[in-house]
Amino acid sequence: MDWGLLWGEIQRLSIQHMILVAVGGGMAIVVGVPAGILISRPAFGRFAQTVVGIASVGQTVPSLAVVGIMMPLLGVGFKPAVFALFVYALLPVVLNTYAGIRNIDPSIIEAGRGMGMTGAQILFKVELPLAFSVIMAGIRTAMVICVGTATFAHLIGGGGLGDLIFLGIALLDMTTLLAGAISAAILAVLVDFLFGRIVRACTPRGIAPASSPEAAK
């Protein structure tokens, strides 16, 4: 086996893998955080269960089924793979954003109103800072899920480390299979570590963050 060639493939496919994760997970963050904030508002509270239910359905459907459903619309390759990652990452982002804000002590919100703060000021200066660690826990979970799920992108020509895993299975080559599997596991650990450091670096000192059962998942 040409180890230099294998190492080159690991590097190339790792970059493809992280692009898939960054785009799919990034879309989930861009959609999920505002959605979670929206359904946490009293005016939209009645839609909370509906939105969370729709996001939950996305995680119950197998990733290959999601890809298969979207192939007639998006074709094969990068686009359907990114959409599947987006669907899988959406639930923890929406759920933790909603739970993080809703679990804040109501007396803190009332104190803000008593000081004359507007709804927007309460959201950005009180609720989001207090819920930050819970929201980031959801994002952290979503990105790690994306790293694992992205291995299936190989089946539709999306690239990523799944190419090595499935090539190893097809050729009964344990070295190639392990090269892809271990690389994906290392990426998952690095992503989890990175977001953990972001939470510690960005959580304001002296603030006791909101907590929720969802954040521990």
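Between 0 and 90 degrees, rounded to the nearest ten: what's the tilt of helix 162-171 against the longest Cα principal axis of the chain?
For helix 162-171, the angle is close to 30 degrees.
Using a basic spin-label model with each label point 7 Å from the Cα along Cα→Cβ, how many nm lie between residue 169 and residue 111?
5.4
Could you compute the FRET efficiency for residue 12 and residue 69, with r as their C-beta to C-beta distance and R0 at 41 Å, rounded to 0.05?
My answer for the efficiency is 0.90.
Express the relative contact order of the chain as a whole percentage, based on alpha carbon pairs under 8 Å and six or more residues apart in sequence.
Reported as a whole number, the value is 28 percent.
Would the range 1-112 count as rounded, prolate or oblate if I go by the C-alpha gyration tensor, calling it rounded below 1.5 in a/c and otherwise prolate when a/b exceeds b/c, oblate otherwise? Before the final figure, lay out each step's value.
Details: a/c = 3.73, a/b = 2.00, b/c = 1.87.
Prolate is the answer for the range 1-112, as a/c is 1.5 or above and a/b outweighs b/c.
With a 10 Å Cβ neighbour count serving as the proxy for reagent exposure, in which order, fewest first, do 125, 79 appear?
Details: 125 13, 79 16.
Taking fewest neighbouring Cβ atoms as first place, the list is 125, 79.
In what order do 60, 149 fall by count of nearby beta-carbon atoms within 10 Å, going from fewest to most?
Values: 60 8, 149 21.
Fewest-to-most ranking of 60, 149: 60, 149.
Going by how many other beta carbons lie within 10 Å of each one, how would you line up 5, 177, fewest first?
The fewest-first ordering by Cβ neighbours comes to 5, 177.
Across the range 20-30, in residue order, what do the Karplus-derived ³J(HN,Hα) couplings come to in whole Hz, using 6.51 cos²θ - 1.76 cosθ + 1.60 with θ = phi - 60° and x for Gly and Pro?
My calculation for the range 20-30 gives 4, 5, 5, 6, x, x, x, 4, 5, 5, 5 Hz in order.
For residue 202 and residue 76, calculate 0.36 nm times their separation in residues minus their Cα-Cα distance, and state this gained length in nm to one decimal.
Length gained, residue 202 through residue 76: 41.5 nm.
I want to make sure I understand the PRE zone here: with the label point 7 angstrom from the Cα of residue 43 toward its beta carbon, which residues in the range 98-125 have backbone N atoms less than 13 Å away?
Counting backbone N atoms under 13 Å from the label point, the list is 119-120.
The numbers here are math on the coordinates, done by the rules we state, and not lab data. What you see is a predicted model, and the numbers here were worked out from it, not measured in a lab. Positions of Cβ are backbone-derived with ideal geometry, glycine not excepted, and every protein chain shown enters the neighbour counts.
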